Amino acid sequence: MPQYPNRQFLDFEKPIKELYEQIDDTRKLAEKNPKIDYSATLVQLEDSIVDKRKEITEQLTPWQRVQLSRHPDRPYTLKYIEKMCTNFVELHGDRNVKDDKAMVGGFAQLDGETVMIIGQQKGVNTKMRQLRNFGMPNPEGYRKALRLMRLAEKFNKPVIALVDTPGAFPGLEAEERGQGEAIARNIYEMIRLKVPVIIVIIGEGASGGALGIGVGDKVLMMENTWYTVISPESCSSILWRSWDKKETAAEQLKLTAKDMKGFGLVDEIVLEPAGGAHWDYQVAADMLKSNILKALNEVKHKTPAERVNDRIEKYGKMGFWEEVPA
């Protein structure tokens, strides 16, 4: 039996797959020849896998990081909540239309402190992806998120938002129910929240779909994620009338965590296990948790008025512009 029965490999991860296949072959040899000790060879191959994961991570292109952020084995919001938090109580519905399964949230305890944790959730298989609408919320998803944020404010609890979406759902029914208004309302209200708000890009951070829960005191971004106004594929189709230039688009969009930190659009980069978060859920969650707790401690001491003023100043400074004299 292979040791990676459910693991999927991207094109640039094939050298790792080959090492796993060598391990399988070595174990089969050990079963056929019990008198020969293959333990040293197995240890060497396992060490080679870790080294290869590190090597691949260090050499990733922007497009490869986009692919890694979409890795089918990558942990999603509920997995991080499971690994980081205790006593999670999920809350449902926007009290208006329905419960949007693409947006999840509720109270939980993080290192003994009660927080409101919210995020987009993608499905882990075909059926769940359809249920979760591939992580693309409708307006009621953003309105549910806002309801939970206001609930957190009422009880003076910090808000943590985990962003992972290819974008807000672009369907006709979503537009009819006010998709643009729902996102704009969330941005406006999140600026004014009196409690600490920590944002983390844990996967894809696309356009208004990300901004709908993406305004806070601190914005963290995991190492192998992306955050920009449009996906590389859509950018390529607009500029070059083809998806074939998606790698060029990813390069030009400057969408990686390093680029975003350089532009001042995110505050910290959260490192991941070698090769990406999908290789070790618990280690990835522990690394994220320590960064969230650090960010919370940095903003806890501020008064509500200071938090609001600091957010307005923070987002007001973003971007580059030049004034031409009249």
Helix by helix through the chain, keep the DSSP H runs that span 15 Å or more along the axis on Cα and average at least -0.5 on Kyte-Doolittle, and give those back in order. 39-58, 179-192, 281-300
Neighbourhood charge, 13 Å Cβ-Cβ cut-off, centred on G209 and excluding it, Lys, Arg +1 and Asp, Glu -1: -2
How large is ³J(HN,Hα), in whole Hz, for each residue of region 220-226 in order, when computed from phi with the Karplus curve 6.51 cos²θ - 1.76 cosθ + 1.60 and θ = phi - 60°, using x for Gly and Pro? 9, 9, 5, 4, 10, 10, 9
For region 176-289, what class follows from the C-alpha gyration tensor (a ≥ b ≥ c being the square roots of its eigenvalues): rounded when a/c is under 1.5, otherwise prolate if a/b is larger than b/c, else oblate? oblate
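Would you mind telling me the share, in percent, of accessible area of the chain contributed by carbon and sulfur at probe 1.4 angstrom? Intermediate results must be reported in sequence, preceding the final value.
Numbers: 8410 of 16290 Å².
The value for the chain is 52 percent carbon and sulfur by accessible area.
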Under the classification rounded if a/c is under 1.5, otherwise prolate if a/b is larger than b/c and oblate if not, where does region 196-257 fall, given a ≥ b ≥ c as square roots of the Cα gyration tensor eigenvalues? prolate
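If Lys and Arg each add +1 and Asp and Glu each add -1, what is the summed charge of the other residues whose beta carbon sits under 15 Å from the beta carbon of P34?
Here the count lands on +2.
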Once phi for every residue in region 260-267 is put through the Karplus expression 6.51 cos²θ - 1.76 cosθ + 1.60 (θ = phi - 60°), the whole-Hz ³J(HN,Hα) values, with Gly and Pro written as x, are 4, 5, x, 7, x, 8, 10, 8
Burial-style ranking of 226-232, 309-315, 268-274, 178-184, average other-beta-carbon count within 10 Å with highest first, yields 226-232, 268-274, 178-184, 309-315
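Does region 223-310 come out rounded, prolate or oblate by the C-alpha gyration tensor, with a ≥ b ≥ c the root eigenvalues, rounded set by a/c under 1.5 and, if not, prolate when a/b is larger than b/c and oblate if not?
The shape class here is oblate.
The values are calculated or read from the model by the stated rules, or taken from the named source; none is laboratory data. Values in this document were obtained by computation on a predicted structure and should not be read as measured data. So basically every Cβ, Gly included, is an ideal-geometry build from the backbone, and we count neighbours across all protein chains shown. When the accessible area is computed, the model is the full protein with side chains, heavy atoms only, and any ligands, DNA or RNA have been set aside. Shrake-Rupley method; radii C 1.70, N 1.55, O 1.52, S 1.80 Å.
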